[in-house]
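Beneath this line is the structure, given in structure tokens, with notes to follow.
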Amino acid sequence: MPQQVQGVVAPGRNEPVRVETIVIPDPGPGEAVVKIQACGVCHTDLHYKQGGINDDFPFLLGHEAAGIVESVGPGVTDVTPGDFVVLNWRAVCGQCRACLRGRPWYCFATHNARQKMTLTDGTELSPALGIGAFAEKTLVAAGQCTKVDPAVAPEIAGLLGCGVMAGIGAAINTGNVGRGDSVAVIGCGGVGDAAIVGSRLAGAARIIAVDIDDRKLDKARAMGATHTVNSRTTDPVEAIRELTGGHGADVVIEAVGHPETYRQAFYARDLAGTVVLVGVPTPEMKLELPLLDVFGRGGALKSSWYGDCLPSRDFPMLIDLHQQGRIDLGAFVTETIGLGDVEKAFARMHEGDVLRSVVIL
């Protein structure tokens, strides 16, 4: 029968979030109910609260999560009750043209749970990225559950559900960073720092971190950046070129999602270099570039959705690397908080005080 749990709801554009009683239906065909153990506070959740994604309020926020499968609906075979899982927001269909071409990370028909979670008065909720994990339990499509080693702390494992995977994947999967490459990362929040970790893991020789906050640049260096540039006081394009023999970086990863920083990334890359946009822009943003420069500089301009990851492949791999000591996923956790502290966590995020606040349930 349906369950009532506590969850964090964004009731309207820019309104403070609040903890509400949420009704979770029994899982239907292809669905699972997951007891959430930890969920990171991601900038995308703030975008939802601000109305920067869409206007389907009220939202059940939270999506960067790990927990235990509590129950599954008919036809579910990949996960069973008791499995420790990381939730992902792109459950691949296996049947679309991308999946049939052997490129499931580009799946054009990813899906979520069909049933709706609601408030106690019947108001339907829109779960953030089809997950809604700032809650004691949530309903998802079973394909959104990726089994990983339960020996890893949930506050660490859950970060793979969005930001850390997005950044590492932007470097390794989308940017194809290789041994000896030079990489510049513009924007050193959680995703940007993950891109630095991914670039180091791929063998990049020079990793240049760019931000306007010296605190973030210090953290970026601790994550593996070889050089830092404060773009508030220094022209980042000229600085990146100077640090790369006057040429520009082989790969520039833009982790802000703003037209100005994208232009910086475009001109800071080497001829035939690659720009990767992993920062999420808002709907009203526009970009202008001289078409002749797009043609003349060659290379590739790419967007990275979720780090072009395949959760079933990439989540367990990154957990293994963490357990081997080759990457430190725990370094992304700045603080652990409760459900009632999410609004304060958004404020800390805005002030640049944290890489990740993680809600523990």
Choice from Pro74, Pro281, Pro290 with maximal GNM fluctuation in the chain (Cα, 10 Å cutoff): Pro290
Mind jotting down the three principal axis lengths of the chain based on Cα atoms? Whole angstrom, largest first. 65, 42, 40
If you average the C-alpha positions of region 295-352 and of region 213-271 separately, how far apart do those two centres end up, in angstrom? 19
Considering the options Val333, Ala153, Ala300, tell which one lies farthest towards the positive end of the dipole of the chain, charges being +1 on Lys and Arg and -1 on Asp and Glu at the Cβ, about the Cα centre. Ala300
Ratio Rg/Rh [Cα only; Rh per Kirkwood] for region 1-152: 0.97
Viscosity 1.002 mPa s, temperature 20 °C: give me the Stokes-Einstein translational D for region 181-233 in µm²/s, with Rh taken as the Kirkwood radius over C-alpha pairs. 208
Percent of C-alpha pairs per 10 Å bin, region 266-332, short to long: 16, 31, 29, 20, 5
Antiparallel DSSP bridges in the chain: what percent, to the nearest 5? 55
Exceeding 25 Å between C-alpha atoms, which entries from my cross-link table qualify? They are Lys137/Lys344; Lys116/Lys137; Lys49/Lys344; Lys137/Lys216. Lys137/Lys216
Any lysines with Cα under 20 Å of the Lys286 Cα? List them, leaving off those in the same chain fewer than 8 positions away. Lys302
Listed by chain and number, the aspartates and glutamates with an alpha carbon less than 15 angstrom from that of Lys35, same-chain partners under 8 positions apart left out, are Asp26, Glu64, Glu70, Asp83, Glu136, Glu155
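No value in this document is a laboratory result; all are computed from the given coordinates. Computed from a predicted model, the values in this text were never measured in an experiment. Neighbour counts run over all protein chains shown; Cβ positions are idealised from the backbone, glycine included.
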